[in-house]
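The structure appears below as structure tokens.
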Amino acid sequence: MKLFKQLTLVTVILSSVVLTNKLSANEMEITANEQKISLDSKSHIYSGNVRIAFANGNLSTKSSHASFQKGKTVMEGDVEIILVNAIAKTQRVTFTPSNQGIVAEMDKVTFTYK
């Protein structure tokens, strides 16, 4: 449960930045190899080495399955990261503790903005 509580105050150090998108409303930084944005800008799809840094606690998560392995939290199956103004959906995410908070890593994520 301690790791779950840490997920509400997440921060990340990012390396190997290929693409960066900063959103001040959530104080969130996303890096990925590729980004696609819908015509109405309400849907953003990030692919390849996706990492998300959350600077505040305005998020919660849910999934079909969660496991805790070697200090990491792995969520699988219809994973949702719920933010103030968006929902991020993926099939698998790994949260790893770091000195600054939590690193969220996944292969692909879709953000749908409210």
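The values are calculated or read from the model by the stated rules, or taken from the named source; none is laboratory data. This one's a predicted model, so the numbers in the text were calculated from it and none came from an experiment. Glycine gets a Cβ as well: all are built from the backbone with ideal geometry, and neighbour counts include every protein chain shown.
Quick check: anything in region 39-46 at pLDDT 90 or above, of a type in the set (V, I, T) and within 14 Å of I87 (Cα to Cα)?
Yes; the residues of region 39-46 include at least one that is at pLDDT 90 or above, of a type in the set (V, I, T) and within 14 Å of I87 (Cα to Cα).
Please go through region 13-31 and pick out each residue that is farther than 17 Å from T96 by Cβ, at pLDDT 60 or above and crowded, with 17+ Cβ neighbours inside 10 Å.
At the first step, the residues of region 13-31 found to be farther than 17 Å from T96 by Cβ are 17-28.
Going one step further and asking which of them are at pLDDT 60 or above, we end up with 27-28.
Answer for region 13-31, where residues must be farther than 17 Å from T96 by Cβ, at pLDDT 60 or above and crowded, with 17+ Cβ neighbours inside 10 Å: just M28.
Restrict the check to region 65-83 and report whether at least one residue is at pLDDT 90 or above, crowded, with 16+ Cβ neighbours inside 10 Å and not in a strand (DSSP E or B).
Checking region 65-83: not a single residue is at pLDDT 90 or above, crowded, with 16+ Cβ neighbours inside 10 Å and not in a strand (DSSP E or B).
In region 50-89, which residues are polar (S, T, N, Q) and without any contact (Cβ under 8 Å) to a residue 40 or more places away in the chain?
Across region 50-89, the qualifying residues are N58, S63, S64, S67, Q69.
Restricting region 84-103 to residues that are of a type in the set (S, T, N, Q) and modelled with pLDDT under 90, which is farthest from S43 (Cα to Cα)?
First, pick out the residues of region 84-103 that are of a type in the set (S, T, N, Q): 85, 90-91, 94, 96, 98-100.
Adding the requirement that they be modelled with pLDDT under 90 leaves 85, 96, 98-100.
Numbers: N85: 12, T96: 26, S98: 29, N99: 31, Q100: 29 Å.
Per the stated criteria, the residue is N99.
Working only within region 67-92, note down all residues that are under 21 Å from I37 (Cα atoms) and of a type in the set (A, V, I, L, M).
V79, I81, I82, L83, V84, A86, I87, A88
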